[in-house]
Structures are given as C-alpha cells and as structure tokens.
Amino acid sequence: MFLKFTYLQWKSFFRGEDIGVNVLTKVFKWFWIIYFTIMAPMLGFLTVIVFREDGEVDPFPLLNKNLIYVLIYLVVIRYFIQKVPVISVRPLLLSPISKSKIVRYALNKTIFSFYNVVVILYLIFLNIALISDIFDEYELQVVSTSFYDLIGWNLMLISLIYITNYLNFLLDKKDKLVYIIGAILASVKALEYYEIVDLTEYTQPLFYAFYTYPFLSIAPICLLIYLYVYVFKFFRKGLYIDSSLKPKIETSNVENFEWVDRFGDMAVFIKNDIRLIKRSKRARGTVTGGAFVLLYGFLFYLVPDWYEFFQFFGYMFVSGGFLFLFGSFVPSWDSQYYSLMMCQNIPYINYIKSKWMLVVIATALSTLLGCIIYSFVGLNAVCAVLAGGLYNIGANGYLTLWAGAYTKTPIDLNSAQNPFGDTKAINAKTLLISIPQMILPIALFGICNNYYGWLTGCAAVASIGILGILLKNVVFELILKAYKSEKYSTLKAYSKN
Amino acid sequence: MIEINNITKKYSKDTVLDVLKLDIPDGQTFGLVGNNGAGKTTLFSCLLDLVKPTTGKITNNGVDVKESEEWKKFTTAFLDESFLIGYLLPEEYFYFIGELRGLRKKQIDDFLLKFEEFFNGEIIGKKKYLRDLSKGNQKKAGIVAALIGDPKVVVLDEPFANLDPSTQIRLKQIIKELSSSGTTVLVSSHDLQDVTEVCKRIVLLEKGKVINDINTSNKTLSELESYFKS
C-alpha cells in the first residue's frame, strides 16, 4: 500500500507542469539534502566542542542543559517549515482503501521525513564524538566511554524527536498555541540570560537521569506510542469532508488600508497583498517564517570563531527573510486569479513594480529592525545589516522578481488549512536562486574585508545595492520582457490549479 | 467592432480553433454555442490575450490584442473562478476592480446599489470571503465586477450556469439593458434557450469551426435544437 501511494506521488511529480523546471529544482533539492547530510555530522562533532564550559572538560552536562531549548525549537521550526505529507486524500476517500490505511500512510511516511533523518544523523555523529577519543587533543574528557552507557539517553532523544514530529500534526491548525510556545521559549531564555531564573537547572538533571538510569527511557517511548495512537485516532475520526478535511470559514470586515494610498498607482495592489498575507494561512506562515530570519545573525554571533565572511552572510540574511520566503513566490501568490490580473486595466509593468515595492517596504523594515536588534553586538554588525539590506533591495529584489517570471507552480492559497491538503516540503526553488544571490556579495565582502577591513567590505556590497536602486528603470525593462514572453505558459500552468 | 481574422489554435496536431472571419459590430449581443471542446472558451481567451493563437489576428476596436494592452481600458470579462480573488470580501473585490478602472469608492458604492436585487442579499455585508461563497454567489460577484466602469466590450463565459432560476432571469434582463446602452456583449452558453433569448446573433461552433451564423428570430431555437439532436 505504501508503495502504491508513493507511486501516485511519483506520477504527480513527473506529470507536473514544466517538468524541466521541476527536475532542476529536484536536483537542487538534492544538493541541499546532501549539504545538510554533510553538515549534520559536522555539527555533531562541533557540538561537543561548543558545549564545553570554560575550565570544564566534560561537554555532556552543558549539552543536557541546552536540550530543552533544542526540543522547543524543534517544535516551532517543524510547525513553520515541515509540512505534513502531501497526499490528496479527498479522492481516496471513495476508493476501496480503508480510511485507517490512508491515515497510517500519512503518519508513517513522516518517519523517514528529511527533518527526522537529519536530526538522527546528527545524533549518530554526536554519539561517535562523545564516545570516541578523537577529542583527546582538545583535552576533553567525555563522561562515557561506550555506546552502551548512552543507550537510554539516545532512546529518550529519539522518542522526543518523534514526539515533536507527531505533535506537529496536532499543532497544524493551532497558530496561537505555537506563538505561545515561541513566546515562552523567548522569555525563558531571557530569564536565564539575565540570571533571574534558570529553568535549565531543573531540566538538566532530568535529561541527565536518562544517562544514569537508562531504563527510564521507557517513559518517553510510551509517551510516543500514546501520541501516535492519539494522532491516528484524531485523523481517523476527522476524515470527513465536513470535519478535519473541511476548511475553516473565517469572516472579516471590509478593510481599506487607506494609509497605503500614498504609494500612488501601486497602492491598490499593495493593499491586496496585505490582505493576502493577513488572510491566507499559507502566506501568513511564510511571512512569519520570514520574521524569524531576523534572528538569524545570532547563529553566527553565538559562535565567535566563524570566518568573518560567514558572519557577514548571517547579518546580510537578516533583512532578507521576507524577500527570500515570500518574494520568491511572486507571482505564484496570484496564481489563482492570474487571468483576472492579465485582463485588468493596468499595464503589466505597474503590477510588477507593485510587487517590488512590497518587497522593498518589507526589506527596509527588516533592515531597520535588524539594525536595532544587532546594535548591541557592535558597529560592525549594524553596518553589515545595513549593507545587506541595501544589497537585498538593490540587487536581490530584482533577481527574485526576474526568477519569478519563470515560476510556474501554482499556489493553492486555500488548502493550507489541513495537514493532508498542503503541498511542498522543502522549498527548493527558494534555495536555488539564493545561491547566486548570496555568493556574489559574500565573495565581494570577503575580498574587500581581507585587504581593507570590515567596513570597506560593507561599503562595497552596499554600493552595488545603491547602484541597483539607481538603475531601477533599466532593470524593470528587462524584467518586463521576461514576464511578457512567459505570460502564456504561466497562465497555462496556473490554470491547472 | 471586434474583428477576428484567420484565427487558429493548434496544440501539437490537434486544431482546437479555426475561425476564418468573424466581425462583431459595436453594441451587438453575440452568443456562442457549441458542445464541450467546440472552442468557445479558447476563442474568448484569444480575444483577451490569455491564449496566444497559432495564426491570425484579433483586433478589438482597432487594437491588435497581441501587440498592445490598450484594449484592457474598455474590455472586461468574467470567464471562470480564476477571475475571482478568493481572500477578498465581495466589497473589497469590487473596490479593487473599480479602482483599477479609475473609479472612486463612492462611485463604486452607487454602482453596486443597482444590483441589490440581483445580489438578493447574499453578497454585500455578509463578511464572508469570496472563496467561502457558493458557486452561484461567486458567479454573481464575478459578473457584476465585469460590469464596473462602463466597459465597451463585456465577455462572459457560461454566465447562466450555476445560477438559480431567479438570478438567471435577472441576468438576462441586465444583458438586454447593456445592449440597449450600446455595449457589445459576448456570451457563451450550453443552454440554447438562454442564448436565443438574449442574443441578437448566434454563432455555432463545432470542433473549432463556425458551422452556422444566425441572426436570432422566432425559428432560431428550433433550428439550433434540431442541429444538436442530429
């Protein structure tokens, strides 16, 4: 049965629109999968080095101390990125496949999902790092010496990984709950940072106990089994078109956003995009994900030994969340009513400009917020965020829009509301254009930084951005050409919505 | 005046549309009938520059639709649900279309008042997004949006399908009023009775070709029915 479903998915891929583009994105998806499969083991080793308190030789206690954050983070990240498997379940309802099988397939499929495999891979290498003696040169003394000592601890972790996996099924419709979890995570970390209350004082011994008493791991395993059964029953019961397969109906008042009118001709489109972001879960989730990117720079701040161009990458990415996550789906956000747009009394160029304007507003706002957030890191960080922001506006904005002309995957704005109806796991295309968008400025920065210092590097990247902003009209002509020549095939692909 | 010259559309070997010459004068109510796959929607799509014809040229009031976007200023259409923006309230949708046609909010409100009866209280002020309306109500909103801003040419694909009987009658009334005010209305339909009732001229398409071109009279309905029977 599993094979049969997989076969259906295989067909839906190969019979999809524009197979060339599809295969290309698949190739890059694999590139990133391989990238992560290499990164995961490296991080596994790295963890052991990072989680070493000054003067301490054993990283294990500190590792356990931070485990609680890792878990909460897993829950939140899964909610925003990991989508429960694509399966068009409605037509299957009337086929002679039992409902239990349909649900079981959807649940079992996630066992091998990329997100889980990567974490487990990481765990394997963490284990190797913990028990092997390759860190002797760092004068590390790791508690355990054999794999057997770690069995209980590992079982507990694997159970927790899958508990968060299945929790994701239940959280799917509960936006508020996830925001609360995120807020708790942030405030707990803040309490710890300002040394008011340290929650990890309590959770650390808890996780450590699984190492001391391996048999305790029965508890999380039982919890996992219970959760699986619960989720199974939950969806088995809800497999009706008027319950869990039914989209929730929201209501609203008329919203006119008069303050947008100052953007002139483009205001009418920008208003629509704001409504889109507010009202489509798919768009909302994407934008929220983009907001999280604001914190990306900290990843590099926490690890001070990184190469400088890596740090710059982090700061540059800070302002690009909206651009990369939302912007790269332009014009697919309008895929459901693209023919309407093509028949309205507007020149094509204004439509494209309005999209650009939206990206510029969001990027400028992120840059501003980024500057505030990273101001306590130092002047270098602020300059890097600013330079990155300018580059994102003056270069990456165009690149994203241009690539958008070739985007032919329709987005179903309405279906994102139930776990069985959503599409797309890793968004490969987003990652695909991010390569030229990121490598060029980082290389430029790297070279300038090497010879003339950090600020010159920032200035060089920023000047490209400014140049791009000045060349706006020329660039738009080129973008318009791409959009015009792709118009008919885009319409055709979108009509398959 | 809409001039259709030598329009063909081929998908690999299949010819789905092959219209030699068709002129639609200003103010005519023009009906297109034919079975599934006759090419009705394709012809409308070519006229709206949504599909690129393999050969031929369509000019809409002197504008070659492939070359210029000027026709958008005086032409409106409602072909299918891809002309609706699901996450908007009907009011917001009308404002959006109206603003693009250069109207102010107040003018749009006044315009909508005329359709109170047509809407039957199910569209305005319901706080429901277009995506959550029934098919019939969605269609009503789409058709009315296509009438905003005094267009010279209105294209409606299957406007009568999915509508309840009262709305169908009201819609016929609306189309007749449009034609008496000089608007060119292009309608396609599966329902022979509906088209013969509203259209002054009916063109019968089959497999992309014009089979018959009739000025509507008392005999038209039975003529058409006998054609489709055989």
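Relative to its residue count, region B:84-151 spans a Cα convex hull of 76 Å³ per residue. Reported to the nearest whole Å, the Cα centre-to-centre distance from region A:365-404 to region A:266-283 is 23. Between region B:156-183 and region B:36-107, the C-alpha centres lie 18 angstrom from each other.
Counting each DSSP H run of 4 or more residues in the protein assembly as shown as -39500 (n - 2.57), what helix-only mean residue ellipticity at 222 nm follows after dividing by all residues, to the nearest 500 deg cm²/dmol? -18000 deg cm²/dmol, from helical runs alone.
Distance between the 7 Å Cα→Cβ label points at residue A:459 and residue B:105: 4.8 nm. Using the Cα coordinates of region B:124-183, the gyration tensor eigenvalues translate into equivalent-ellipsoid semi-axes of 22, 14, 10 Å, sorted from longest to shortest.
Given N residues in region A:256-497, what is its alpha carbon radius of gyration divided by 2.2 N^0.38 Å? Show your work: numbers first, answer last.
Details: Rg = 18.3 Å, N = 242, 2.2 N^0.38 = 17.7 Å.
Region A:256-497 yields a ratio of 1.03.
Among the lysines, which fall within straight-line cross-link reach of residue B:172, defined as a Cα-Cα distance under 19 Å, with same-chain neighbours fewer than 8 residues apart omitted? Excluding near neighbours in sequence, the set is B:114, B:135, B:139, B:140, B:152, B:200.
Multiplying the residue separation of residue A:450 and residue A:209 by 0.36 nm and removing their Cα-Cα distance gives an extension gain of 81.9 nm.
For residue A:4 and residue A:257, calculate 0.36 nm times their separation in residues minus their Cα-Cα distance, and state this gained length in nm to one decimal.
Working: separation 253, 0.36 × 253 = 91.08 nm, distance 4.92 nm.
So the chain would gain 86.2 nm between residue A:4 and residue A:257.
Across the protein assembly as shown the C-alpha pair distances fall into 10 Å bins from zero in the proportions 2, 12, 20, 22, 19, 12, 7, 4, 2, 0, 0 percent.
Ranking A:368, A:488, B:144 by how far each Cα lies toward the positive end of the dipole of the protein assembly as shown (charges on Cβ) leaves B:144 at the top.
All C-alpha pair distances within region A:261-397, sorted into 5 Å bins from zero, spread as 2, 10, 19, 20, 17, 13, 8, 6, 3, 2, 0, 0 percent across the bins.
Computed over protein heavy atoms with a 1.4 angstrom probe, the accessible surface ordering of A:30, A:454, largest first, is A:30, A:454. With the whole protein complex present, residue B:10 retains an accessible surface near 100 Å², based on a 1.4 Å probe.
Only Lys, Arg, Asp and Glu carry charge here, each on its Cβ (+1 for the first two, -1 for the last two); on that basis the protein assembly as shown has a dipole of about 2300 debye about its Cα centre. For chain B, the carbon plus sulfur part of the accessible surface works out to 47%, probe radius 1.4 Å. The Cys residues in the protein assembly as shown with no partner Cys Cβ within less than 4.7 Å of their Cβ are A:222, A:343, A:371, A:448, B:46, B:199.
The values are calculated or read from the model by the stated rules, or taken from the named source; none is laboratory data. Just so it is clear, the model here is predicted, and its values are computed rather than measured. Quick reminder, even Gly has a Cβ in these numbers, built from the backbone with ideal geometry, and neighbours come from all protein chains shown. Accessible surface areas use protein heavy atoms only, side chains included; no ligands, DNA or RNA. Shrake-Rupley method; radii C 1.70, N 1.55, O 1.52, S 1.80 Å.
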